[in-house]
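Heads up, the thing below is written out as structure tokens.
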Amino acid sequence: MPAKKRGGRWVDFRQVKEQVRFEQVLQYYGLLDGLRRKGEELVGYCPLHDERRYNKDAFSVNTARNIFHCFACGASGNVLDFVCQRENLEPREAALALQDRFLSDQPEAANEKRPRQRAKEREASQTPEAPADRVPASGEATVNPPLTFELKNLDSKHPYLNDRGLDQKTIATFGLGYCNRGLMQGRIVIPLHNERGELVGYAGRWPGEPPEGEPKYKFPPKFHKSAVLFNLHRVDASEAEDKGLILVEGFFGVFHLWKAQFYNVVALMGTALTPEQEGLLLAAVGERGKVVLLLDKDEPGQEATARIVEQLVGKVYVRVVDLGEASEPEELSVKQAQELLCFAR
Ligand SMILES: [Zn+2]
């Protein structure tokens, strides 16, 4: 049975792939008129990468087989793959979108989730300060499956990155850049990896103060940040065992300490250390290993520090570092960071 039910709505992937025509999808995005017909194919500039730099016929859609290919950026696949890349969606989200747009006789609203539940999920997935979101129990889909695409054409020269004190080397190390399309449109994106180094999502930071109604950080709708310790995959395993791990709240704390040559730093993406994150942390530092807490100086940060100390006591050696005059790690000068954390290098 091809239909799958998860999280409330039915979507039939095979039906979507077979019945939604590429011409419809291209028409929807206003791309159809820009392509030329050549036998069974529609050819032209690729809408998935910076087309002007490449061959103008790099992109082709085989309308008979309902698939596409771009020999310049290497993207290829069916309508679902195309929509995933074009809109930065997960396959299930893309399938639902296509079903709603083009197969509208499908029963769609009948078994929608209750609005309250959806609002709760939205809040959990978009607010870094929100309590830990829930990780699906075993038997449900894999938590944060690796992405099958990467965001392209990110602007790594965006002034916001410079304003936050990041140099090009740090920006390149973490793959940061401004995104101008899809779910993360108008945001600085931060690639997120699981502990094995697989790309599992992107966080989108609004550059500056977000307008009303826009969250400061946005995460993909099905992404569980509770299952990830940001930057853990870049930390050398023996270094984590020898020197321990420095735990900060947010991404920019990691970037900043990395710049100050601390390569054993990870971020919670909030103020809670979830059971999944605790497991990752303990596995990384080893039995009787060392964890250095460097959370923000504000009230949530201090409360979180007390909570996490209690959580970890008896499992690892925990050291709490006072930020002194600074209110968050980002405010430390390189010299101050090196002095405060000299025991963790
Ligand atoms: Zn392309």
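The values are calculated or read from the model by the stated rules, or taken from the named source; none is laboratory data. Predicted model only: the values in this text are computed from it and were never measured. Ideal geometry is used to build each Cβ from the backbone, glycine not excepted, and the neighbour counts take in all protein chains shown. Note: accessible area is taken over every heavy atom of the protein model, side chains too, but ligands, DNA and RNA are not part of it. Shrake-Rupley method; radii C 1.70, N 1.55, O 1.52, S 1.80 Å.
Restricting to segment 67-87, and then to whatever is within 12 Å of the ligand (Cβ to nearest atom) and more than 20 Å from Pro146 (Cα to Cα), can you tell me which residue is surrounded by the most Cβ atoms within 10 Å (Cβ to Cβ)?
Restricting to residues being within 12 Å of the ligand (Cβ to nearest atom) and more than 20 Å from Pro146 (Cα to Cα), the top hit is Phe68.
Give me a count of the residues in segment 159-200 that are outside any strand (DSSP E or B) and of a type outside the set (D, E, K, R).
Within segment 159-200, the subset outside any strand (DSSP E or B) is 159-176, 180-186, 194-198.
Restricting the remaining residues to those that are of a type outside the set (D, E, K, R) gives 159-162, 165-166, 168, 170-176, 180, 182-186, 194, 197.
Summing the residues that are outside any strand (DSSP E or B) and of a type outside the set (D, E, K, R) in segment 159-200 gives 22.
What do you reckon, is Lys335 open to solvent by 60 Å² or more (accessible area, probe 1.4 Å), farther than 25 Å from Pro146 by Cβ and assigned to a loop (DSSP other than H, G, I, E, B)? So that I can check it myself, show each step before the final result.
Details: open to solvent by 60 Å² or more (accessible area, probe 1.4 Å): yes; farther than 25 Å from Pro146 by Cβ: yes; assigned to a loop (DSSP other than H, G, I, E, B): no.
Spelling it out, it is not the case that Lys335 is open to solvent by 60 Å² or more (accessible area, probe 1.4 Å), farther than 25 Å from Pro146 by Cβ and assigned to a loop (DSSP other than H, G, I, E, B).
State whether one or more residues within segment 263-284 are more than 21 Å from Tyr217 (Cβ to Cβ) and crowded, with 23+ Cβ neighbours inside 10 Å.
Let us first name the residues in segment 263-284 that are more than 21 Å from Tyr217 (Cβ to Cβ), namely 263-264, 275, 278-279, 281-284.
Imposing the further condition that a residue be crowded, with 23+ Cβ neighbours inside 10 Å reduces the set to 264, 281.
Yes: segment 263-284 contains one or more residues that are more than 21 Å from Tyr217 (Cβ to Cβ) and crowded, with 23+ Cβ neighbours inside 10 Å.
In segment 88-105, which residues are open to solvent by 20 Å² or more (accessible area, probe 1.4 Å) and touching a strand residue (DSSP E or B) at 6+ places or on another chain (Cβ under 6 Å)?
Selection gives Leu96 alone.
Of all residues in segment 214-243 being touching a Lys or Arg at 6+ places or on another chain (Cβ under 7 Å) and over 19 Å from Asp296 (Cα atoms), which is least open to solvent (accessible area, probe 1.4 Å)?
By that ranking, first place goes to Phe219.
Is it the case that Phe252 is open to solvent by less than 30 Å² (accessible area, probe 1.4 Å), under 20 Å from the mean Cα position of the chain (by Cα) and modelled with pLDDT of 95 or more? Let's see the steps before the verdict.
Details: open to solvent by less than 30 Å² (accessible area, probe 1.4 Å): yes; under 20 Å from the mean Cα position of the chain (by Cα): yes; modelled with pLDDT of 95 or more: yes.
Spelling it out, Phe252 is indeed open to solvent by less than 30 Å² (accessible area, probe 1.4 Å), under 20 Å from the mean Cα position of the chain (by Cα) and modelled with pLDDT of 95 or more.
Please indicate, with yes or no, whether at least one residue in segment 27-46 is at pLDDT below 85, surrounded by 14 or more Cβ atoms within 10 Å (Cβ to Cβ) and charged (D, E, K, R).
Scanning segment 27-46 turns up no residue that is at pLDDT below 85, surrounded by 14 or more Cβ atoms within 10 Å (Cβ to Cβ) and charged (D, E, K, R).
Since Leu323 meets every condition but one in (1) part of a helix (DSSP H, G or I); (2) without any contact (Cβ under 8 Å) to a residue 60 or more places away in the chain, which condition does it not meet?
(1)
Looking only at segment 33-66, how many residues end up being closer than 21 Å to Asn180 by Cα and either out of contact with any Lys or Arg (no Cβ under 6 Å at 6 or more places or on another chain) or more than 11 Å from the ligand (Cβ to nearest atom) (or both)? Steps first, please.
Taking segment 33-66 and keeping what is closer than 21 Å to Asn180 by Cα, we get 34, 45-54, 59.
Next, from what is left, pick out any that are either out of contact with any Lys or Arg (no Cβ under 6 Å at 6 or more places or on another chain) or more than 11 Å from the ligand (Cβ to nearest atom) (or both): 34, 46-48, 50-54, 59.
Adding up the residues that qualify gives 10.
Scan segment 16-25 and give yes if some residue there is modelled with pLDDT of 85 or more and out of contact with any helix residue (DSSP H, G or I) (no Cβ under 9 Å at 6 or more places or on another chain), otherwise no.
Pass one, segment 16-25, residues modelled with pLDDT of 85 or more: 16-25.
Subsequent filtering for residues that are out of contact with any helix residue (DSSP H, G or I) (no Cβ under 9 Å at 6 or more places or on another chain) retains 18.
Within segment 16-25, one or more residues are modelled with pLDDT of 85 or more and out of contact with any helix residue (DSSP H, G or I) (no Cβ under 9 Å at 6 or more places or on another chain).
Which residue pairs have Cβ atoms under 6 Å apart, sit 6 or more places apart or on different chains, and have a first residue in segment 295-309 that is closer than 15 Å to Glu325 by Cα and a second that is in a helix (DSSP H, G or I)?
Leu295/Gly301; Leu295/Ala304; Leu295/Thr305
I'm trying to understand the selection: among the residues of segment 285-315, which are open to solvent by less than 10 Å² (accessible area, probe 1.4 Å) and among the β-branched types (Val, Ile, Thr)?
If we filter segment 285-315 for residues that are open to solvent by less than 10 Å² (accessible area, probe 1.4 Å), which is where we start, we get 285, 289, 291-295, 301, 304, 308, 312.
Hits for segment 285-315 are Val285, Val291, Val292, Ile308.
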